[in-house]
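See below for the structure under consideration.
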Amino acid sequence: AALPVEGLLAEAEALCHGGDFAEAEKICDAVLRRDPENRGALRVLAIAANENEQYVIAEAFFSRVIRLAPEDVGGIVDLARFLGDRGRYEEAIMHLERAAAVETDNSAVQLMLGGMLAVLNRVDESLAAYGRCLEHSPEEPAALIGQAHMLRIAGRADDALASYRHCVTVSPEFGTAWWNLASMPGFDATDDDIETMQRVLSDGDTDSESKIGLYFALARAFEKRAQFDRAWAHFTGGN
């Protein structure tokens, strides 16, 4: 029996991510012959074109999805992410603000908006977006660290410290947050902090970016305690 459209599109998206764009496009073309306005097929064609670095074509497909369904937040976010990846932040922000107006409690939209505003150094607006994200998802580590970076830029060191601290409390595996915390003037790692960082560092599942942050944060902690051999070993590990 023929797969239903959802199954076909899931298969096409999997083929896309596997690099088999031609096969994915064939499936989408077949779906669009039956249903010329199928947004799922248009989205997969956009993803295929984007992965294939055919950016003009990808943008046309992403834009068509939005024209067919102006209130589809998923479609708006796809286009905004695409534009952000191309460095077109102003346009991306405009679309995200529209998505935020459609779904006022969508924390993922606010998180992405906060990040793009941060890139443009629009500190107050970025802080407001991160704040709205955290109202709905108070333990979102990416929003906590993003908020902390912005607070730091705004000269609000104590608030930044508290936000980094909150981030490592909810996500102790987030090595970059530990490193940012360790680099704050006035922060001294406690024995518990050191034990937590060492435990996460020895965990086989920790990704390399987090490991780098953990190594440097531990190095800074041991340096402050005048345990220079241990500090040196961790600086070396991080490098």
Checklist entry - Taking 1 over the mean of 1/r across every pair of different Cα atoms in segment 1-55, what Kirkwood radius in Å do you get? => result 10.8
Next on the checklist: About the Cα centre, and with charges only on the beta carbon of Lys, Arg (+1) and Asp, Glu (-1), how big is the dipole of the chain? Nearest 20 debye, please.
Outcome noted: 520
Checklist outcome for this item: Once the dipole of the chain is set up from charges on Cβ (+1 Lys and Arg, -1 Asp and Glu), the residue from the list ALA182, SER107, ALA69 lying farthest towards its positive end is ALA182
Next on the checklist: Out of the total accessible area of the chain (probe 1.4 Å, heavy atoms of protein only), what percent is carbon and sulfur?
Outcome noted: 51
Item to check | Rg/Rh (Cα only; Kirkwood hydrodynamic radius) as it applies to segment 182-239 | outcome: 0.94
Checklist entry - How long is the gain from SER63 to GLU195 if the chain were fully straight, where each residue apart is worth 0.36 nm and the alpha carbon distance is subtracted? => result 42.6 nm
Item to check | Candidate residues LYS224, LYS211: accessible-area rank, largest first, probe 1.4 Å | outcome: LYS224, LYS211
Checklist outcome for this item: Under a Gaussian network model of the chain whose springs join Cα atoms within less than 10 Å, the largest fluctuation of GLY213, GLY75, GLY18 belongs to GLY18
Checklist entry - Counting only the heavy atoms of the protein chains, how much of HIS166 is accessible to a 1.4 Å probe, in Å² to the nearest 10? => result 70
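Please report, to one decimal in angstroms, the Kirkwood hydrodynamic radius of segment 52-151 built from all distinct Cα-Cα pairs. Write down the numbers at each step before the final one.
Working: mean 1/r = 0.0732 Å⁻¹.
The Cα-based Kirkwood calculation yields 13.7 Å.
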Checklist entry - Please identify the GluC sites (Glu not before Pro) of segment 106-161 that satisfy two criteria: DSSP loop assignment and at most 12 other Cβ atoms within 10 Å. Which are they? => result GLU139
Checklist entry - Which one of CYS133, VAL56, ILE27 is farthest out on the positive end of the charge dipole of the chain, using unit charges on Cβ (Lys, Arg +1; Asp, Glu -1) and the Cα centre as origin? => result VAL56
Next on the checklist: Just to be sure I understand the model, the point goes 7 Å from the Cα along the line to the Cβ. What's the resulting ALA10 to ILE153 distance in nm?
Outcome noted: 4.1
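Over the Cα atoms of the chain, what is the Rg over Rh ratio if Rh follows Kirkwood?
Dividing the radius of gyration by the Kirkwood radius yields 1.09.
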Item to check | Accessible area (Å², per residue) of segment 22-150, counting only protein heavy atoms and a probe of 1.4 Å | outcome: 48
Checklist entry - So, in nm, how far is label GLU91 from label LYS224 when the simple model puts each one 7 Å beyond its Cα toward the Cβ? => result 4.5
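The values are calculated or read from the model by the stated rules, or taken from the named source; none is laboratory data. Because the structure is a prediction, the values reported are computed rather than measured. Please note: Cβ atoms are built from the backbone with ideal geometry, for glycine as well, and neighbour counts cover all protein chains shown. Just the protein is used for accessible areas: all its heavy atoms, side chains included, with ligands, DNA and RNA removed. Shrake-Rupley method; radii C 1.70, N 1.55, O 1.52, S 1.80 Å.
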